[in-house]
Amino acid sequence: MVTTIRLNEYSTTPLYNIKAVVQSTSISPSTLRAWERRYNMCQPQRSESGYRLYSDRDVAIIRWLKAQVDAGMSISQAVSWLQSIIEQSPSDEQAALPDPNGRVLETPSIVAPTRLDLENFANLQEQLLYALLNYQEDEAEATLARSFALYPVEHVGEHIIMQVLVEIGERWHRGELSITREHYATNYLIQRLAAILRAVPNVTTRPLIWVGCAPGELHEIGALLLSIYLRRAGYTVRYLGQNLSADDLVEEVRAVRPDMVLFSATTIDAAKNLRPLCELLASIESPRPIIGYGGRAFNVRPELRNEIAGVYLGETAVEAVEGIRELLSEHPRRGVHNS
């Protein structure tokens, strides 16, 4: 049975450098550059440092073209066929490419990692940790590029980035790591995730979700990852940042009326700071937002969950996305907004 590769199932977010694409598609760098130069079959964007970055959709197209060439078609014929399929589709995003091998290429959907994946995650964690703790930014970037080429963003976030952060935190608490190295590593990852968040398309329809850190909370990577995952899942997300001001936030919620307000708390003090804030939000006149929360504080101290007016969203940001989907299915959507 012939299956299809639906381009609208692949993100256009630029994530992967040419080395990662070569590793993922088994195409040589010279061949890839020649295809781009002669046939303009994909248009990678440029990073701030000038490197070409490819999206999931670019990689899917490159794999498809290579499959045609491997099956005996010339690259010019394969590109002509690709262009014909796209031109006959209602839009570029709705194009469906037949897979000659009768298999479905990977899409950004989240599936449970295999045992082999977990072993590979451990190797990538070690490489990223070593690079960050030794100020090797190019190597850290290369490791992340390899990770994104092999796995969806959600797996890289949960099984590589978060695990590296946990290890960094534990080493710092044991006195094995200087504050300077901890700050460098953490800030590098924050900047990398912030760039991904900016690149993920944000829709303009309800529901509108606000995500931020609890008052007093300065660790924002968990909230950043959740914002990225939610945007990739198709939601409108506004990331509010760290250490939110309770009084100011309540007034803004009254003015804008988001459908959900979600909080991350890593420290116990930050989790306790959420209690009065969530009580104020819960007392807002209808229509009031759904309140959700999560973070390491609620994982290590489960009893804190009983003190917050809102919904505990799970131990990880990936779990939170599933919980949010269920909550919103029971929450009436509003009209298009401009917030």
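The values are calculated or read from the model by the stated rules, or taken from the named source; none is laboratory data. Bear in mind that the values here come from a model prediction, so they are computed numbers and not experimental data. For neighbour counting, all protein chains shown are included, and Cβ atoms are generated from backbone atoms with ideal geometry for every residue, glycine included. Note: areas computed on protein heavy atoms with side chains; ligands, DNA, RNA excluded. Shrake-Rupley method; radii C 1.70, N 1.55, O 1.52, S 1.80 Å.
Evaluate segment 1-8: report whether one residue or more is in contact (Cβ under 8 Å) with a residue 60 or more places away in the chain and under 19 Å from residue 193 (Cα atoms). Before you say what the answer is, go through the steps one by one.
Of all residues in segment 1-8, those in contact (Cβ under 8 Å) with a residue 60 or more places away in the chain come to 1-8.
From what's left, under 19 Å from residue 193 (Cα atoms): none.
Scanning segment 1-8 turns up no residue that is in contact (Cβ under 8 Å) with a residue 60 or more places away in the chain and under 19 Å from residue 193 (Cα atoms).
Can you tell me which residues in segment 282-309 are under 15 Å from residue 213 (Cβ atoms), surrounded by fewer than 23 Cβ atoms within 10 Å (Cβ to Cβ) and in contact with a strand residue (DSSP E or B) (Cβ under 7 Å, 6 or more places away or on another chain)?
Of everything in segment 282-309, just one residue is under 15 Å from residue 213 (Cβ atoms), surrounded by fewer than 23 Cβ atoms within 10 Å (Cβ to Cβ) and in contact with a strand residue (DSSP E or B) (Cβ under 7 Å, 6 or more places away or on another chain), namely 291.
Mind checking which pairs have a first residue in segment 270-293 that is more than 23 Å from residue 218 (Cβ to Cβ) and a second that is open to solvent by 30 Å² or more (accessible area, probe 1.4 Å) and not in a loop (DSSP other than H, G, I, E, B), Cβ under 9 Å, 6 or more apart or different chains?
284/254; 285/254; 288/282; 290/311; 290/327
Name the residues in segment 34-49 that are open to solvent by 70 Å² or more (accessible area, probe 1.4 Å) and either assigned to a loop (DSSP other than H, G, I, E, B) or modelled with pLDDT under 85 (or both), would you?
Residues of segment 34-49 open to solvent by 70 Å² or more (accessible area, probe 1.4 Å): 37-38, 40, 43, 45-46, 48-49.
Once the filter is applied, which keeps residues that are open to solvent by 70 Å² or more (accessible area, probe 1.4 Å) and either assigned to a loop (DSSP other than H, G, I, E, B) or modelled with pLDDT under 85 (or both), segment 34-49 yields 37, 38, 40, 43, 46, 48, 49.
Out of the residues in segment 107-144 meeting the condition of being open to solvent by 60 Å² or more (accessible area, probe 1.4 Å), within 24 Å of residue 233 (Cα to Cα) and out of contact with any Asp or Glu (no Cβ under 9 Å at 6 or more places or on another chain), tell me which one is modelled with the highest pLDDT.
118
Surrounded by 20 or more Cβ atoms within 10 Å (Cβ to Cβ) and not small (Gly, Ala, Ser): is that true of residue 62 in this structure?
Details: surrounded by 20 or more Cβ atoms within 10 Å (Cβ to Cβ): yes; not small (Gly, Ala, Ser): yes.
Against the criterion (surrounded by 20 or more Cβ atoms within 10 Å (Cβ to Cβ) and not small (Gly, Ala, Ser)), residue 62 qualifies.
So, of the residues in segment 209-240 that are open to solvent by less than 10 Å² (accessible area, probe 1.4 Å) and more than 16 Å from the chain's Cα centre (by Cα), which turns out to be nearest to residue 278 (Cα to Cα)?
214
Looking only at segment 218-233, decide whether some residue is part of a loop (DSSP other than H, G, I, E, B), without any contact (Cβ under 8 Å) to a residue 60 or more places away in the chain, under 21 Å from residue 268 (Cβ atoms) and among the acidic types (Asp, Glu).
yes
Based on this model, can you work out whether residue 10 counts as in contact with a Phe, Trp or Tyr (Cβ under 8 Å, 6 or more places away or on another chain), closer than 25 Å to residue 232 by Cβ and crowded, with 20+ Cβ neighbours inside 10 Å? Step through it out loud before you land on a result.
Values: in contact with a Phe, Trp or Tyr (Cβ under 8 Å, 6 or more places away or on another chain): no; closer than 25 Å to residue 232 by Cβ: yes; crowded, with 20+ Cβ neighbours inside 10 Å: yes.
No.
Would you check if residue 202 is out of contact with any Leu (no Cβ under 9 Å at 6 or more places or on another chain) and closer than 29 Å to residue 257 by Cα?
On the way: out of contact with any Leu (no Cβ under 9 Å at 6 or more places or on another chain): yes; closer than 29 Å to residue 257 by Cα: yes.
In short, yes.
Search segment 313-329 for residues being farther than 23 Å from residue 156 by Cα and open to solvent by 60 Å² or more (accessible area, probe 1.4 Å), and hand back the single one that is modelled with the lowest pLDDT. Talk me through it step by step, then tell me what you get.
From segment 313-329, those farther than 23 Å from residue 156 by Cα are 326-329; that's our starting set.
Of the ones still in play, those that are also open to solvent by 60 Å² or more (accessible area, probe 1.4 Å) are 326, 329.
Details: 326: 87, 329: 82.
This residue is 329.
Does residue 31 qualify as being within 21 Å of residue 83 (Cα to Cα), of a type in the set (Val, Ile, Thr) and open to solvent by 30 Å² or more (accessible area, probe 1.4 Å)?
Judged against the criteria, residue 31 is a match.
Would you check which residues across segment 170-187 are part of a helix (DSSP H, G or I), in contact with a helix residue (DSSP H, G or I) (Cβ under 6 Å, 6 or more places away or on another chain) and either closer than 11 Å to residue 133 by Cα or open to solvent by less than 30 Å² (accessible area, probe 1.4 Å) (or both) and list them? It would help to see each step written out before you state the result.
Here is the first cut: in segment 170-187, the residues part of a helix (DSSP H, G or I) are 170-173, 179-187.
Imposing the further condition that a residue be in contact with a helix residue (DSSP H, G or I) (Cβ under 6 Å, 6 or more places away or on another chain) reduces the set to 172, 181-182, 185.
Answer for segment 170-187, where residues must be part of a helix (DSSP H, G or I), in contact with a helix residue (DSSP H, G or I) (Cβ under 6 Å, 6 or more places away or on another chain) and either closer than 11 Å to residue 133 by Cα or open to solvent by less than 30 Å² (accessible area, probe 1.4 Å) (or both): 181, 182, 185.
Need pairs with beta-carbon distance below 6 Å; first residue farther than 16 Å from residue 224 by Cα and within segment 145-166, second of a type in the set (A, V, I, L, M); sequence gap 6+ or separate chains.
145/20; 146/20; 147/124; 147/156; 147/160; 148/15; 148/156; 149/20
Condition (residue is touching a helix residue (DSSP H, G or I) at 6+ places or on another chain (Cβ under 8 Å) and farther than 16 Å from residue 222 by Cα) applied to segment 311-334: is it met by at least one residue?
Keep residues of segment 311-334 that are touching a helix residue (DSSP H, G or I) at 6+ places or on another chain (Cβ under 8 Å), which gives 311-318, 320-321, 324.
Keeping just the survivors that are farther than 16 Å from residue 222 by Cα gives 311.
So far as segment 311-334 goes, yes, one or more of its residues are touching a helix residue (DSSP H, G or I) at 6+ places or on another chain (Cβ under 8 Å) and farther than 16 Å from residue 222 by Cα.
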